[in-house]
Each structure stands twice: as C-alpha cells, then as structure tokens.
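Everything below concerns the one structure shown next.
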Amino acid sequence: MVFKMKKALIFLTTLIVAACFWIVPSVFADNSSSAIKIDGQFDDWSGITKDTFGYYYTGNWAMVNNNTEIDVYLDNGDNGSINLSLSNYTLKIGNQTYNLFMSQNGTDLTVSAQDENDNWKTITDVGVGKLIKSGNEQKMEFNVSLAKLNQSTPVTSTITLSNSNLGSQTVTAINSSTISNSSSASSASSSNTTTSSSSSVSDNSSSQSTQANSSSTASSSDSVTNTNTSGNFKIVIDGQFNDWSGITKSNMVSGNDNDNIKKAALIADDQNIYFYIAMEPVLEGGYTQLQPSGYTLTVGGISYSLDFNHNSSVSLNDGETKMISLGIYDSKTGSYVTLNGQAAVTKEKITQSLGDGSTIEGWADVVECAVPFSDLKGVSNTSGQIITLENTNLWTGKLETSGGTTHPVVLAGLGLGTALFGLWKLKKRKYNFSRGSK
C-alpha cells in the first residue's frame, strides 16, 4: 500500500514539474509577442509611427532601438517607381558611423557592415532581414545586432539611419520601451521621452512647464497671425540670432510629444526665404541636435528638398558656431545645388527640467538659414505667393508665410478648423444662455 502511495506521489510530482516546464515557456512566449520579429509579416510594425523618405515619390520607414538590436522597417508606398535599396545605408550611433549593405537569397536578407571609424573594416552577418514584393508593393524589415557592432548596451545616444539612394531624409530610432505607451501618449505625463525627429512614439509630458522665451509662441495645433513687419528683415546668417529677437516663434512638436519642442520661424523678403529652428526640449535627455535633412520647402506650389551639411550631423562644442552648407534638390529637374556657408548652427545654453521638477542647464543646437529666390528654379520672388516649410523628422504640420514683401503668417500645425469650431460653440453657448436655455 505504501509502495503504491509513493508511486502515485512520484507520478503526481512528475506531472506538476512537466506542467511547469510547459507553462513557463508559454508565459515567456506571450510576453515577447509584442517584440518585433523579422519574419516578413510586418504586423508588429502597425502600431509604430513611420516617417517618410524619398525625392519625388515617397516611401515610409521606422527604426526601433530594442536595447540589444536595432530593428528597421521600410516600404515603397506601393509605388513601383521606388525600389528598396540593399546598400548604402548609413547608420550612426552617437559619434560612430557604419555603412550597411545586404545580400539576398529569395526573400531572405543577410546584413553586413563596414565600420567607418576602423578603416572601413567589414563586419559580416550583423543581422538578418526580409524583403517581400507583391505587385508594385515592396516591404522590408531587418535588424542589426549592437553586440556585433561592438556597441555597449543599452545604447543611450542618438541612433540615425539615412540612405541617399532613397532620399535626403534621416530616420531616428525610438526606444522600444515607449511603444507600449503609444496609445495613452496623449494623456500620460512622463519624464522619459524619445529623441525622434520625426514622428516619435512617446509619453506626453505636457504637464511639464516650458521654459520662457522673449518672443511670442504658438502651439503646433494653433493658427496665429505673425506680427513681424514686412520688408527687409536685416537677417544676417552668422549664428548670433539677435536679429531674430523680434520675430514670432512657434512651438513645433511631433504628434503628442510635447517635450521635444522646436521653436521655429519662417519669413521672406524680396531676396530670400529665411528660417530659424531652435531645439528646446523641456526635459533633460531630449532631442538637442541639429536635424540635417528632411526639410521640404514649397514656394508657389513647387517643392524643394533641403538639407544641411550634406545630410550629415554637425559636431559642436558648447557655445561654438559653425557655418555649414545648404543643399537644394529640385525633384522636377533632378538638379541639386550646394550653397556653402548659407546656414549657421550654434550650440546655445538652455534651461531644462528634471523628473523631480528641478531645473538644470543644458546645451542645444540652433540653426538659421537663408534660401535665395535666385537659386529656386521655376519660381519668382513675387509677393503674396504661399511659402511653407515642413519636416516630419521634427514636427507635425507646417510653417507658412507669404513671399515677397507681404506680412508673414505662421501656420503651426493643422488646428485652424478646431479653433473655428470652438469659436462657433462659444457663440452658440452665449446665444442659448441669453435665451435662458441650459
């Protein structure tokens, strides 16, 4: 009898242990289901905001820092004129630069890298990928192991990716820890934000107060009239910015990311189009570097792609100023013009907040630029034409002004309809109140 009881106990114990071995992997499998998998399915990218790339036609891309690897997504916008490239990807991790290229076997990709900081040393098999083609549609995803690039993890510095075969834009990695919070980003307040320029998925830190600015500002969801005077603004491109002190700036943000503020202005006279962008993140650790690419300038309905410093980041010491080049790409003619010394960038001191509400001094890039009408082929400096500036790497919406010598107007985002609706509701409420209705 005792033997049978022992035998039954052993059998029961075996069942319990086996069940544990079955349950535990299942739990871990469920927990990892939200991670990005390089399997050619792409469903795991559906909740991640994409940036656009391209010269004439545009595709979409996104990059995620998963702490041990970098995951990248691209599609050609279902446009057969765009072929997703297998080479010439420039990956920048902090101050280190790698050139990525891929070999293909069917739909499978193998990623290799060249380390520009180590005499272009080739590092093979740093990641894998998938390229799926269906009709005009092309989709690609690949990863890059940070360990195989000899990067210490987790990486806290900015990670960017560009490819001149695809466009002049740069995509910035968002951290995977912010993705799960994207659905509540509009109402959550957090001290942790990403450094994406472009459409980033982050917690809304609107509860943090922004630092004071001497010029008037507007949120990126409001439309305001700029009080700048017309005529010659006497802007000198020297990196000093005193000549911008009387010009209205707008607070431009990407989506609901109210931490990574860019104070921006766009004006024009009968010679040049000028714009000013100051990186002013509210919280320490925000996005402070000059974005060298992704600018779309539209003049009288004709669009041009602009870049700074040949689409390369600018390294500055605190308080330093550098004169850099402006690149102008005309998609209609395919021409590209480089204007040396046409922009100036300075690393200026800013005040930022810490998570506990205290403040700290930081440094951030400020850029000013003059775009001569004479270098924009196909347009004139006729007054009254609409001029807009966009950069989805940095903000949602656009800056808008009138060309020539008319009064500029800043359109900071797409909130005009919301404002008019609110005014109508207010008038209706007053009317009902006067009639005694509830």
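Before we move on, is Ser206 at pLDDT below 85 and in a strand (DSSP E or B)?
The answer is no for Ser206.
Please go through region 352-368 and pick out each residue that is surrounded by fewer than 18 Cβ atoms within 10 Å (Cβ to Cβ) and either at pLDDT 85 or above or touching a strand residue (DSSP E or B) at 6+ places or on another chain (Cβ under 8 Å) (or both).
Quick first cut of region 352-368, residues surrounded by fewer than 18 Cβ atoms within 10 Å (Cβ to Cβ) only: 354-361, 363.
Passing the criteria: Leu354, Gly355, Thr359, Ile360, Glu361, Trp363.
Confirm whether Ala18 is modelled with pLDDT under 80 and hydrophobic (A, V, I, L, M, F, W, C).
Numbers: modelled with pLDDT under 80: yes; hydrophobic (A, V, I, L, M, F, W, C): yes.
In short, yes.
Consider only pairs whose beta carbons are under 7 Å apart and that are at least six residues apart or on different chains; among these, list those whose first residue lies in region 308-330 and is outside the structural domain of Thr288 (by TED's automatic domain parsing) and whose second residue is part of a strand (DSSP E or B) and modelled with pLDDT under 95.
Filtered contacts from region 308-330: no entries.
Would region 404-411 turn up any residue that is at pLDDT below 70 and outside any loop (DSSP other than H, G, I, E, B)?
Going through region 404-411, the residues at pLDDT below 70 turn out to be 404-411.
Keeping just the survivors that are outside any loop (DSSP other than H, G, I, E, B) gives 410-411.
Yes, there is a match, as at least one residue in region 404-411 is at pLDDT below 70 and outside any loop (DSSP other than H, G, I, E, B).
Residues of region 214-246 being at pLDDT 90 or above and part of a loop (DSSP other than H, G, I, E, B), which ones? If you could, list the steps in order and put the result at the bottom.
As a first pass, look at region 214-246 and keep what is at pLDDT 90 or above: 235-244.
Within region 214-246, Ile235, Val236, Ile237, Asp238, Gly239, Gln240, Phe241 qualify.
Conditions: (1) at pLDDT 95 or above; (2) touching a Phe, Trp or Tyr at 6+ places or on another chain (Cβ under 8 Å). Ile277 meets all but one. Number of the miss?
With (1) at pLDDT 95 or above; (2) touching a Phe, Trp or Tyr at 6+ places or on another chain (Cβ under 8 Å) applied to Ile277, the lone miss is (2).
Tell me the residue from Asn381, Asn391, Asn340, Asn317 that is modelled with pLDDT under 90 and under 25 Å from Asp243 (Cα atoms), please. I'd like the intermediate steps shown before the answer.
Values: Asn391 fails: modelled with pLDDT under 90; Asn340 fails: modelled with pLDDT under 90; Asn317 fails: modelled with pLDDT under 90.
Only one candidate qualifies: Asn381.
Among the residues of region 334-347, are any more than 27 Å from Val171 (Cβ to Cβ) and not in a strand (DSSP E or B)?
Filtering region 334-347 for residues more than 27 Å from Val171 (Cβ to Cβ) gives 341.
Cutting the leftovers down to not in a strand (DSSP E or B) gives us none.
The answer is no, given that none of the residues of region 334-347 is more than 27 Å from Val171 (Cβ to Cβ) and not in a strand (DSSP E or B).
Condition check ((1) crowded, with 20+ Cβ neighbours inside 10 Å; (2) modelled with pLDDT of 90 or more; (3) in contact with a Cys (Cβ under 8 Å, 6 or more places away or on another chain); (4) not charged (D, E, K, R)) across all residues:
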site: Ala113; (1), (2), (3), (4): yes, yes, no, yes
site: Ile123; (1), (2), (3), (4): no, yes, no, yes
site: Val128; (1), (2), (3), (4): no, yes, no, yes
site: Glu137; (1), (2), (3), (4): no, yes, no, no
site: Glu141; (1), (2), (3), (4): yes, yes, no, no
site: Val144; (1), (2), (3), (4): yes, yes, no, yes
site: Thr160; (1), (2), (3), (4): yes, yes, no, yes
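If you take the residues of region 43-57 that are of a type in the set (Phe, Trp, Tyr) and modelled with pLDDT of 90 or more, which of them is farthest from Thr170 (Cα to Cα)?
Within region 43-57, the match that is farthest from Thr170 (Cα to Cα) is Trp45.
Output the residues belonging to region 337-393 that are among the acidic types (Asp, Glu) and in contact (Cβ under 8 Å) with a residue 60 or more places away in the chain. Outline the logic, then answer.
Step one: filter region 337-393 for residues among the acidic types (Asp, Glu), giving 348, 356, 361, 365, 368, 375, 390.
Glu348, Asp365, Glu368, Glu390, listed by residue number.
Tell me which residues, restricted to region 369-390, are of a type in the set (A, V, I, L, M, F, W, C) and either closer than 21 Å to Thr333 by Cβ or not assigned by TED's automatic domain parsing to the domain that holds Val345 (or both).
Result: Val371, Phe373, Leu376, Val379, Ile387, Leu389.
Does region 369-391 hold any residues that are farther than 25 Å from Thr321 by Cα, touching a strand residue (DSSP E or B) at 6+ places or on another chain (Cβ under 8 Å) and among the β-branched types (Val, Ile, Thr), and which are they?
Val379, Ile386, Ile387, Thr388
Here's the yes/no breakdown for (1) surrounded by 18 or more Cβ atoms within 10 Å (Cβ to Cβ); (2) farther than 28 Å from Tyr295 by Cα:
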{"residue": "Ile38", "(1), (2)": "yes, yes"}
{"residue": "Ile48", "(1), (2)": "yes, no"}
{"residue": "Ile93", "(1), (2)": "yes, no"}
{"residue": "Thr97", "(1), (2)": "no, no"}
{"residue": "Thr110", "(1), (2)": "no, yes"}
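Yes or no: region 120-129 includes at least one residue that is assigned by TED's automatic domain parsing to the domain that holds Thr52, touching a residue at least 60 places away in the same chain (Cβ under 8 Å), hydrophobic (A, V, I, L, M, F, W, C) and within 17 Å of Phe42 (Cβ to Cβ).
Yes - at least one qualifying residue is present in region 120-129.
Of the conditions (1) in contact with a Lys or Arg (Cβ under 7 Å, 6 or more places away or on another chain); (2) of a type in the set (S, T, N, Q); (3) modelled with pLDDT of 95 or more, Asn251 clears all except one; give me its number.
The single condition Asn251 does not satisfy is (3).
The values are calculated or read from the model by the stated rules, or taken from the named source; none is laboratory data. Small disclaimer: the values here were computed from a predicted structure and weren't measured. All Cβ positions, glycine included, derive from the backbone under ideal geometry; neighbour counts span all protein chains shown.
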